[in-house]
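Where a number appears in this text, it was derived from the coordinates with a stated rule and is not lab data. A quick note: this is a predicted structure, and the numbers were derived from the prediction, not measured.
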Amino acid sequence: MMSMKLIGSLSCCIWLVMAIATVAQTSDDSNAPVLDTSGQALQVGVEYYIKPAITDNGGRFTLINRNDSCPLYVGQENVSGPEGYPVKFAPFVEGETVVREARDQKITFSAFTICAQSTAWKLGETDEVTQRRLIVTGEDQNQGIAGPARNYFRVNKQAAPDGVYNLEWCPTELCPTCRFICGSAGALVENGKRLIALDGSVLPVVFERA
């Protein structure tokens, strides 16, 4: 009887260890590092260009002067080429050295502008015509329970191929109890300028080390 009980106890322990290992593996897989165009993990604090994964969808991400005034908006160059500004990523979770999928990140253009403000991405106003939410630059000054939620975005992996992603605003890591109206980013052409906005067609992107 003692042997049977011992075997039963060992079996339960082995099953528990395997279950924990499976959960841990699943968690690691779901937050895998984001890869650049050379297959390397995106490093925190390193500059990367964001550009469309598909040709003829505009060029690199850049700063757009939408209304001849500040703030500047997040957008794209009209055509593919060497222009555009690189960005840096700063994870919400302290101590991270790589950018991970589906985790809250602060994205900031590495650029000097005429506007006396941060070049960090921020969820902006809703366009009156299209009802799409634009992405501007600047610091979110919200002091409420959600904190600076408008400054945090996510990189989500596309189903295929590897190395292709889409950008999303859904900062539930920053505020798990908040009910955000999440949205994925895509292009919005306005007066010949390519703006980046939520709530429309999704723009697949890749990351190229500067």
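Key figures
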| item | result |
| --- | --- |
| Crossing angle, helix 2-30 versus the chain [Cα axis fit, 0-90 degrees, rounded to tens] | 10 degrees |
| Gain on full stretching of the segment that runs from residue 32 to residue 173 - 0.36 nm per residue minus C-alpha separation | 49.2 nm |
| Reach of residue 157 by Cα under 20 Å, taken over lysines that are not fewer than 8 positions away in the same chain | 51, 88, 106 |
| Amide H partners (placed H, <5 Å) of residue 207, local residues excluded | 37 |
| Option label - Kirkwood radius over Cα pairs in Å computed here, alternatives [x] 18.6; [y] 17.4; [z] 18.0 | [x] |
| Selected from 124, 39, 95 as most flexible by GNM, with the chain as the system and alpha-carbon contacts under 10 Å | 95 |
| GNM result for the chain, Cα springs below 10 Å: residue of 184, 110, 69 fluctuating most strongly | 69 |
| Gained length - residue 202 relative to residue 126, 0.36 nm times residue gap less alpha-carbon distance | 25.7 nm |
| Computed [θ] at 222 nm, deg cm²/dmol, the chain (DSSP H ≥ 4; -39,500 (n - 2.57); rounded to nearest 500) | -5000 deg cm²/dmol |
